[in-house]
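In what follows, a structure is listed as structure tokens, so that the remarks can point back to it.
The values are calculated or read from the model by the stated rules, or taken from the named source; none is laboratory data. Bear in mind that the values here come from a model prediction, so they are computed numbers and not experimental data. Note: ideal-geometry Cβ built from the backbone for every residue, glycine included; neighbour counts use all protein chains shown. For the accessible areas, the whole protein counts, side chains as well, though only heavy atoms, and no ligand, DNA or RNA atoms are used. Shrake-Rupley method; radii C 1.70, N 1.55, O 1.52, S 1.80 Å.
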Amino acid sequence: MSLVLPAPAPVTVPVAGGGEFPVHRVYCVGRNYAEHAREMGHSDREPPFFFMKPADALVPVREGETGFIAYPPLTSDFHHEIELVVALGTGGRDIAAADAPRHIWGYAVGLDMTRRDLQGAMKKAGRPWEIGKAFEQSAPIGPITPLARCGELTKGAITLHVGGALRQRGDLAELIWSVAETIEQLSRAWTLQPGDLIFSGTPAGVAAVQRGDTMVGAIAGLGTLTVQVR
Ligand code: MN
């Protein structure tokens, strides 16, 4: 094979304890905590819905280090969404929720950074969300902790502090669609692959960050993710 351009580097995320996890796709779940659904103006439980970010939107941050992201263009309402990220070790179609846990390779703390003003304008116009969600550096992520090391995560605190002040707080047990149910639903629509990541949704408290702000996300059992906006 003779490539006519240099091939892009593969996207990988460091694994806690060593190694690199190769990323295939990045799926995201919308409105998956009741209080966040309410703050976004929705009250009823609805079927889960999904969007994607390009894999190269990920900004991997090593344990104990601070990651940096640029304040993106075209927005004046740049929001944080702290999320549990699920990393798949095996894929498949039509995976039953009961079988889903065996496809999980590990977990990470992630941020689904959002240009809320652009997302809102696209929603209102009935247009795609990519410009609000799928831009460069929109997905900072901490190291992936292998499931073999932390066990299946179905409960535990998920928090985000900005400049030391608590902005978001929830519990993984409050997910409207559990990780297993999310995998079931996703695998009906797409053939899941080893290396897929799933951002599982954010608890209430989403708000804007400014240049210079430092975000510290934490999930019980996974450690912290520190990211500064430049
Ligand atoms: Mn999100």
In nm, the gap between the two label points placed 7 Å beyond Cα toward Cβ at F49 and S178 is 2.5
Taking the alpha-carbon centre of each part, the distance from the stretch 60-115 to the stretch 10-34 in Å is 5
Taking only the alpha carbons of the stretch 12-229, the radius of gyration and the largest Cα-Cα distance, Dmax, both in angstrom, are 15.9, 46
Which of P60, P128, P140 fluctuates most in a GNM of the chain (C-alpha springs under 10 Å)? That residue is P128
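If I take R0 = 35 Å and measure r between the Cβ atoms of K124 and A189 in this structure, what FRET efficiency does the formula 1/(1 + (r/R0)^6) give, to the nearest 0.05?
Plugging the Cβ-Cβ distance into 1/(1 + (r/R0)^6) gives 0.90.
Hey, what's the stretch 86-230 come to in accessible area per residue, 1.4 Å probe, Å²? Working shown, then result.
Working: 6020 Å² over 145 residues.
Value for the stretch 86-230: 42 Å² per residue.
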For C150, C28, the accessible-area ranking with a 1.4 Å probe, largest leading, is C150, C28
Reported to the nearest 10 Å², E63 has, with a 1.4 Å probe, an accessible area equal to 110
Straight-line reach check, K123, cutoff 16 Å on alpha carbons, 8 or more apart in-chain or any other chain, hits among aspartates and glutamates -> E39, D77
With a Förster distance of 22 angstrom and the Cβ-Cβ distance between E39 and T90, calculated FRET efficiency to the nearest 0.05 equals 0.05
Given backbone amide H placed at 1.01 Å from N, residues whose amide H is under 5 Å from that of E20, ignoring those fewer than 5 places away on the same chain, are V15
Quick numbers on the stretch 1-109, Rg and Dmax over C-alpha atoms in Å, give 17.3, 54
Farthest towards the positive end of the dipole of the stretch 12-229, among Q137, T75, A218 and with Cβ unit charges of +1 on Lys and Arg and -1 on Asp and Glu, lies the Cα of T75
For the stretch 204-218, Karplus-derived ³J(HN,Hα) couplings (6.51, -1.76, 1.60; θ = phi - 60°; whole Hz; x for glycine and proline) come out as 5, x, 4, 6, 7, 10, 10, 4, x, 5, 10, 9, 10, x, 8
Against the 2.2 N^0.38 Å rule of thumb, the C-alpha Rg of the stretch 1-62 sits at a ratio of 1.66
